[in-house]
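Trainee: The following block contains the structure, expressed as C-alpha cells.
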Amino acid sequence: MDNSKIEKCKSDLPVTLEDLSKFILVGREKLASVRAEIRAIEKLKLAQAVRDQKKEECRMLAEALLDAEVKIGELLKNIPTAQGTRNDLTSVHRCTEVGNASNHTCENLSPPQKTKSQIVKNLNFTTDQQKRFEILADNKDLVEQVKAEARENNKLPTRSKVLDLAQERKKNEQERRLNVAASHDYHTFCTAAAKKFSNILSEIRKLEVDDKHLKAWADHLNDPLNLKNEQRKSNEAVAKIMKINNFLKGLSI
C-alpha cells in the first residue's frame with residue numbers, strides 16, 4: 001500500500017471516543033469475518049486474484065484498527081484518572097422564575113463529571129483494553145514498524161506484536177536505567193574511597209617522626225597497656241601501608 005492510501009485511511013478514521021469505540025468493535029468483527037472468508041477461499045482453492053484481494057482488504061482493515069486503537073489511546077490518556085473533566089459534554093441551561101419577571105434568573109450547569117473508569121466502561125471496553133490502547137499510543141513508532149513489516153512479509157499487523165515489542169522496549173529501558181544508577185553509585189563509591197585514601201596518606205605524611213617527637217610520644221606511653229595498644233595499631237597501620245604501597249607500584253596507568 002502506498003503512503004497516500006495509508007494517510008487517507010488514517011484521515012478517514014472517526015474523531016470522537018464514542019465513534020472510535022464503535023469503529024473498533026465493529027471492525028474487529030469484520031476482520032474476523034474477512035479472515036474466515038480467506039480460509040474458505042483457500043480451502044476451496046479459488047482464484048489467486050480473489051484470495052489476494054481479500055488478503056489486501058484484511059490487511060488494510062487490520063492497519064485501520066491499529067490506527068484507531070492508537071487514536072483512542074491518545075484520547076483516553078488525556079482523561080484524568082480520578083475525576084474526569086469532559087469538555088465535550090453539553091452544558092445544561094436552567095431558568096428559575098420566582099414571582100414577577102424581575103426575579104427571573106438563568107444559569108448554566110455543568111454536566112455531572114465522570115471518572116475515567118466510568119467513561120471506559122460506557123465505551124464497552126475493559127480496563128485492560130484501555131491500558132493496551134494507551135500503550136499503543138505511547139509506542140506509535142512500533143505500530144508503524146509492525147505495519148511496515150507485515151506489508152513486506154505479506155502478513156497481518158497485530159496489536160499483540162506491538163505490545164510484545166513495547167514490553168521488550170520497557171524492559172530494556174528499565175535495565176538501562178538500572179545500569180546508569182549502578183554506574184552512578186559505583187562512581188560515587190570510587191570518589192569517596194579515593195578521597196579517604198588520599199586524606200589518610202596526607203595525614204601520615206604530616207607526622208613528625210624525628211627523635212624529639214618520638215621521645216615525647218614514648219614519655220607519654222608510661223602505661224604498659226597503652227604501649228601494647230599503640231604497638232598493635234602501628235603493626236596494623238604498617239601492614240595496610242605496605243599493601244597500599246605494593247598495590248600502587250603494580251598499577252600502570
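Trainee: Run down GLN174, GLN167, GLN145 and say which single residue is of a type outside the set (Lys, Arg), touching a residue at least 12 places away in the same chain (Cβ under 8 Å) and closer than 30 Å to VAL70 by Cα.
Mentor: From the options GLN174, GLN167, GLN145, the qualifying one is GLN145.
Trainee: Right, something else. Would you confirm, using the coordinates I've provided, whether ALA150 is of a type in the set (Gly, Ala, Ser), modelled with pLDDT of 90 or more and surrounded by 18 or more Cβ atoms within 10 Å (Cβ to Cβ)?
Mentor: yes
Trainee: Which of the numbered conditions does ALA218 fail, given that it passes all the others? Conditions: (1) within 29 Å of LEU248 (Cα to Cα); (2) assigned to a helix (DSSP H, G or I).
Mentor: So ALA218 meets the others, but not (1).
Trainee: Among the residues of the range 72-89, is there at least one that is charged (D, E, K, R), surrounded by 11 or more Cβ atoms within 10 Å (Cβ to Cβ) and at pLDDT below 80?
Mentor: yes
Trainee: Would you mind stating whether ASN122 is without any contact (Cβ under 8 Å) to a residue 12 or more places away in the chain, out of contact with any Pro (no Cβ under 9 Å at 6 or more places or on another chain) and farther than 30 Å from LEU76 by Cβ?
Mentor: No.
Trainee: Now, a different point. If the requirement is being closer than 20 Å to VAL146 by Cβ and either assigned by TED's automatic domain parsing to the domain that holds ASP141 or part of a helix (DSSP H, G or I) (or both), which of these qualifies: LYS54, LYS71, LYS22, LYS43?
Mentor: The conditions single out LYS71.
Trainee: Looking at (1) touching a Leu at 6+ places or on another chain (Cβ under 9 Å); (2) assigned to a helix (DSSP H, G or I), which is the one condition that is false for LEU156?
Mentor: Here LEU156 meets the rest and fails (2).
Yes or no, residue by residue, for (1) surrounded by 10 or more Cβ atoms within 10 Å (Cβ to Cβ); (2) aliphatic (A, V, I, L, M); (3) modelled with pLDDT of 95 or more:
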{"residue": "ASP164", "(1), (2), (3)": "yes, no, yes"}
{"residue": "VAL180", "(1), (2), (3)": "yes, yes, no"}
{"residue": "THR188", "(1), (2), (3)": "yes, no, no"}
{"residue": "ALA194", "(1), (2), (3)": "yes, yes, no"}
{"residue": "LYS212", "(1), (2), (3)": "no, no, no"}
{"residue": "LYS215", "(1), (2), (3)": "yes, no, no"}
{"residue": "GLU230", "(1), (2), (3)": "yes, no, no"}
{"residue": "LYS233", "(1), (2), (3)": "yes, no, no"}
{"residue": "LEU251", "(1), (2), (3)": "no, yes, no"}
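The values are calculated or read from the model by the stated rules, or taken from the named source; none is laboratory data. Treat the numbers as computed from the prediction; the structure is a model and nothing was measured. Neighbour counts are summed over all protein chains in view; Cβ atoms, including those assigned to glycine, are modelled from backbone coordinates with ideal geometry.
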